[in-house]
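Only one structure is covered here, and it is reproduced in the block below.
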Amino acid sequence: MVKYLQSGICFVLVSAGPLIFAQQKVSGKITGSGSFNINPVLIINISNSQHTQSDDQGNFEIDVAENDEIRFVKDGYYRFDKKITKEDLSNSLQVSLQRMEIQIPEVKITYKLTGNLAKDNQHLNESGKIRALKSEMSEYMYSPLNEPLPDNTISKTFKGHDFKTGNVDIMGVFKAVTGLIKKASKPKITKANYNETQDFLNRVKNEINLNFLKKYGMSEEQIDTFLLYANKTRLLAKKHRKDFKNDIVKMELMIAFAEYRKMNKLSDK
C-alpha cells in the first residue's frame, strides 16, 4: 500500500512539473517618446487576461509564457503590442509609447455628486466633439490588431515579379464579404436614456469582477461615483449595453480607472 502511494505521488509531481514552470514573469520599464515619465500605464496580457500597472518610475512585472501577447495602454498615446520571445524572458523590456497627434483634454469633476444618477448626469456632460474623439480612440484601444505582429519577411523590393497581379483574389473577396456581413449584424450604437443607463450600470456591478477597485479601499458609494465617471468618459452604456462583453467592458473600466486613480490620488491599500 505504501509503495503504491509513493508511486502515485511521484506520478503527480512529474506530471505537474511542466505546468509549474510554463508560467514565468517578464519585467521592464515604460517611458514616453523622449524618455519622459508618462506613468501609470496599463499592461494587459491578452493571452491569459492578467493585467497590472507600471509604478511611478515606469517599472512593471507581469506573468507571461513564451509567445504570449502583452499590450500597453495609455490614454493619449498609441497602444503598443509585444509578442513575448524566449529572449524577452531573460532580459528587461524597454517600452516607449508614442503620443497621439490629437490630445483629448483631461476630464475633471468639479460638481459634487448627489447619488441621483439623473441629476448627476446633467452636470457631467461634455461636448459632442470630445465624445466622438473618445469613442474613436476607445474602439482603437480595445480592438484586435488588423495585421499580425511583424516577423522576418523579405521586402517586396527584393522579390521577383508577382505573376498573380491582375488576377481576382477569390479568397480575398470572400473574406471582405464575410466582414461586411458581420459588421451589418452588429447592433446599431445609439444614445442611452436614463433607464438604459441605470440597467447597464447595474449589470456592470452584477457581472463584472470589481475587486480591482475594492483593493483601493473604495466603498460602494465611491464605486458608484467611479462608474458614473467611467460611463461618461468612455461612453460605456452607449457602446456596450446592446452588445455586453464582460472582457471588453472590464478593459474599458481599467483604462478609465488608470486616469481616475491619478486624478483622485488613490493608493493601493
Margin query: Checking the structure you have, find out if any residue of the range 109-117 is modelled with pLDDT of 90 or more and either exposed (fewer than 11 other Cβ atoms within 10 Å of the Cβ) or not hydroxyl-bearing (Ser, Thr, Tyr) (or both).
Written below: no
Next item on the list: Please specify each residue of the range 34-60 satisfying the condition of being surrounded by fewer than 15 Cβ atoms within 10 Å (Cβ to Cβ) and closer than 18 Å to SER92 by Cβ.
Entry: SER35, ASN37, ASP55, ASP56, GLN57, ASN59
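The values are calculated or read from the model by the stated rules, or taken from the named source; none is laboratory data. It should be emphasised that the depicted structure is a prediction, and the values quoted were computed from it without experimental measurement. FYI the Cβ positions are ideal-geometry reconstructions off the backbone, even for glycines, and counts take in every protein chain you see.
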